[in-house]
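Notes follow once the structure below has been shown.
The values are calculated or read from the model by the stated rules, or taken from the named source; none is laboratory data. Small disclaimer: the values here were computed from a predicted structure and weren't measured. All Cβ positions, glycine included, derive from the backbone under ideal geometry; neighbour counts span all protein chains shown.
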Amino acid sequence: MFRKVEESQTLLINTQSKNLAAQNKELIKFGFGQSPFLPPKQVMDELKSAVHHKEYSSVQGDLELRQYMADFHKAHNGLTVLADDILIGPGSKILIFNTLMAFEKADVFIPTPSWVSYGPQAKLAGHNIIQLPTDFDQKWRISAESLKKASKHKLHRATILILNYPGNPDGLTYSEGELKEIADQARIQNIYVISDEIYGLLNHNLNHKSFANYYPEKTITTTGLSKWCGAGGWRFGAVFLPNEIESDLKKTMIGIGSETYSCAPTPVQIAARTAYKNFQDITWYIKWQVNILSQIGNYCSDKLNSSGIRVHNPQGGFYIFPDFSLHQEKLHAAGIKTSNDLCQTLLKDTGVVLLPAHAFGFEENYLAARLAYVDFIPPLENSHFDVEKNCPKVKIGIDAIIKWIENI
């Protein structure tokens, strides 16, 4: 009678962690990808002053804000978009789902690994899911060849690729050459690309380029305030549509929005004006975050690699994706056969919370997990930063993983 839809693994692990914390369990919270940074003070002040705005906005969102966003992203990553082609909603998550819902039937290419909600959303929308396998040596990146192979399994006229970079769960990104090759193949196959660039401003080299720069005609870009602005619970996202795309897509998405969420919260949209009004006003805040996140990410990956837990140094966001497969034999001997076993046993033995690879599209027996290195309190803006001094729980958590794998 009812659809079978399980709770999102990221939200589930957050709930489980809160329940354990309520039982006075000492936890290292590497499971839930929530930014530890507060939004800039001027943005929070604007939200406070806008709290009396209880009116609905248009479904598409505040026009002044959309113009600010167009100018902001042009300055940040060269993305050219008209204000009239931006749709604002309560989080990029619902906007990705609405984009998928706008298509009657489609083949959806989803890389493995990928964010936990892409597959369930595509399934709910009634589409045919085609996984694009990757591996550690490929740095979890798809390629033009991936798209060629996937094309053999297509069932429908419309094809959608969901591309996320910097990536969740791996924290890696794509080079300009790789993006151009993917764009060329997408053009050959006439693929619509949902480019989820929610972590774009947290590229550790501050050189993120939107995929729309290479494939402007059919790239649908999503972004928001949850990651770079530390405002996940505010629920603010946006989708940028190419001016060349069929007008029916925008009409359909506005129609779906009008029948579901109505609009993004008006006070949050007013606060977002301050966040997006001038890219130069926010550059210091982004650089401050990225400097800290890069140091922590490299600290975690270097330490884990030294213990035989393979992991690539992150290039953006606040995730790494440790691979425990070099320890497979002794893990199996200890009864740990799946990534879920791995995370559950690690949690029980050490209090460290990770999210299993299975949640990101892998087979259950692949022994890997996502680590969100966000369990720290950011230092003052102008203070000297030291990982071990300023992030004691990160150090404790990484040391606990290493000690656990050594003694398993």
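Does ILE198 satisfy being free of Cβ contacts under 8 Å to residues at least 60 places away in the same chain and of a type in the set (Val, Ile, Thr)?
Working: free of Cβ contacts under 8 Å to residues at least 60 places away in the same chain: no; of a type in the set (Val, Ile, Thr): yes.
Criteria not met by ILE198.
Of everything listed in (1) assigned by TED's automatic domain parsing to the domain that holds GLU104; (2) surrounded by fewer than 21 Cβ atoms within 10 Å (Cβ to Cβ); (3) under 30 Å from LYS41 (Cβ atoms), the single unmet condition for ILE286 is (1). Of the residues that make up the range 216-227, is at least one outside any strand (DSSP E or B), assigned by TED's automatic domain parsing to the domain that holds PRO133 and either without any contact (Cβ under 8 Å) to a residue 60 or more places away in the chain or under 21 Å from ILE129 (Cα atoms) (or both)? Yes, there is a match, as at least one residue in the range 216-227 is outside any strand (DSSP E or B), assigned by TED's automatic domain parsing to the domain that holds PRO133 and either without any contact (Cβ under 8 Å) to a residue 60 or more places away in the chain or under 21 Å from ILE129 (Cα atoms) (or both). Filter the range 35-65 down to the residues that are touching a residue at least 40 places away in the same chain (Cβ under 8 Å) and within 17 Å of GLN280 (Cα to Cα), then identify the one that is surrounded by the fewest Cβ atoms within 10 Å (Cβ to Cβ). Looking at the filtered set, the residue picked out is GLN42.
One residue stands out in the range 358-394 among those that are touching a Pro at 6+ places or on another chain (Cβ under 7 Å) and either within 22 Å of ASP323 (Cβ to Cβ) or outside the structural domain of ILE296 (by TED's automatic domain parsing) (or both): the one that is surrounded by the fewest Cβ atoms within 10 Å (Cβ to Cβ), namely PHE362.
Can you tell which of ALA264, ALA238, ALA212 is in the same structural domain as GLY171 (by TED's automatic domain parsing), in a helix (DSSP H, G or I), crowded, with 24+ Cβ neighbours inside 10 Å and on the phi < 0 side of the Ramachandran plot?
Details: ALA264 fails: in a helix (DSSP H, G or I); ALA238 fails: in a helix (DSSP H, G or I).
Selected residue: ALA212, the only one of ALA264, ALA238, ALA212 that is in the same structural domain as GLY171 (by TED's automatic domain parsing), in a helix (DSSP H, G or I), crowded, with 24+ Cβ neighbours inside 10 Å and on the phi < 0 side of the Ramachandran plot.
In the range 327-342, which residue that is among the polar types (S, T, N, Q) and within 14 Å of PHE362 (Cα to Cα) is farthest from the chain's Cα centre (by Cα)?
Applying the first criterion (among the polar types (S, T, N, Q)) to the range 327-342 yields 328, 338-340.
Applying the additional criterion that residues be within 14 Å of PHE362 (Cα to Cα) yields 338-340.
Working: THR338: 24, SER339: 20, ASN340: 21 Å.
Selected residue: THR338.
On inspection, ALA122 passes the criterion of being under 30 Å from LEU367 (Cβ atoms) and either buried (at least 20 other Cβ atoms within 10 Å of the Cβ) or outside the structural domain of GLY200 (by TED's automatic domain parsing) (or both).
Quick check on the range 328-335. Is at least one of its residues closer than 17 Å to GLU26 by Cα and free of Cβ contacts under 8 Å to residues at least 60 places away in the same chain? Step through it out loud before you land on a result.
Keep residues of the range 328-335 that are closer than 17 Å to GLU26 by Cα, which gives none.
Checked against the condition, which is being closer than 17 Å to GLU26 by Cα and free of Cβ contacts under 8 Å to residues at least 60 places away in the same chain, the range 328-335 yields no hits at all.
Tell me yes or no: at least one residue of the range 238-252 is touching a residue at least 12 places away in the same chain (Cβ under 8 Å) and small (Gly, Ala, Ser). Yes, the range 238-252 contains at least one residue that is touching a residue at least 12 places away in the same chain (Cβ under 8 Å) and small (Gly, Ala, Ser).
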